[in-house]
1. From the list E23, E36, pick out the single residue that is surrounded by fewer than 16 Cβ atoms within 10 Å (Cβ to Cβ), part of a helix (DSSP H, G or I) and at pLDDT below 80.
2. May I ask you to verify whether Q42 is surrounded by 12 or more Cβ atoms within 10 Å (Cβ to Cβ) and farther than 26 Å from C121 by Cβ?
3. Yes or no: A81 in contact with a helix residue (DSSP H, G or I) (Cβ under 9 Å, 6 or more places away or on another chain), buried (at least 16 other Cβ atoms within 10 Å of the Cβ) and modelled with pLDDT under 90?
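The values are calculated or read from the model by the stated rules, or taken from the named source; none is laboratory data. Quick caveat: nothing in here was measured; it's all calculated off a predicted structure. Counting neighbours? That spans all protein chains shown, and the Cβs are built from the backbone with ideal geometry, glycine included.
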Amino acid sequence: ASLPNGATLSVNRGACGAADLLEEYLSLGGDAGRYELVTQNQRARFEAGEVYTHVGPLLLAINPFRPLPGLYDAAAMRQHADPSRPSEVPHVYAVAREACGALLGGLGSEKGSHSIVVSGCSGSGKTETAKHALTFIVSFSLGGGGG
């Protein structure tokens, strides 16, 4: 995918292991060609300004290397805190909401400890993603929902 600065984004299989893990996950169903389909879908979504994509229970993100207005503002936080909004909408706030709901014993889960794993290569946006998830969790836990 082309970035705003003209650089090209490509998947470097094996650079940090994340692509290998995704490929392994996708091959569990016996269709090795799914990796290419997922990367093509991610490329198309990224070019359309969508940085998040669901692949089964995984949330994949591409670091846009630029601010995306509205993606992490208070209105987006309120939308994802709304229990009537489907959690299938790919966003780090949706993952954080599911973790909060499970932690508190909602969403059909057993109450107890839960984890969110943020993984990726150096510079892939792990720290920013973790900050957004934690900001949402704190707001949700306090009943603020971003407002």
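1. Values: E23 fails: surrounded by fewer than 16 Cβ atoms within 10 Å (Cβ to Cβ).
The conditions single out E36.
2. On the way: surrounded by 12 or more Cβ atoms within 10 Å (Cβ to Cβ): yes; farther than 26 Å from C121 by Cβ: no.
No: the conditions fail for Q42.
3. Values: in contact with a helix residue (DSSP H, G or I) (Cβ under 9 Å, 6 or more places away or on another chain): yes; buried (at least 16 other Cβ atoms within 10 Å of the Cβ): yes; modelled with pLDDT under 90: yes.
Spelling it out, A81 is indeed in contact with a helix residue (DSSP H, G or I) (Cβ under 9 Å, 6 or more places away or on another chain), buried (at least 16 other Cβ atoms within 10 Å of the Cβ) and modelled with pLDDT under 90.
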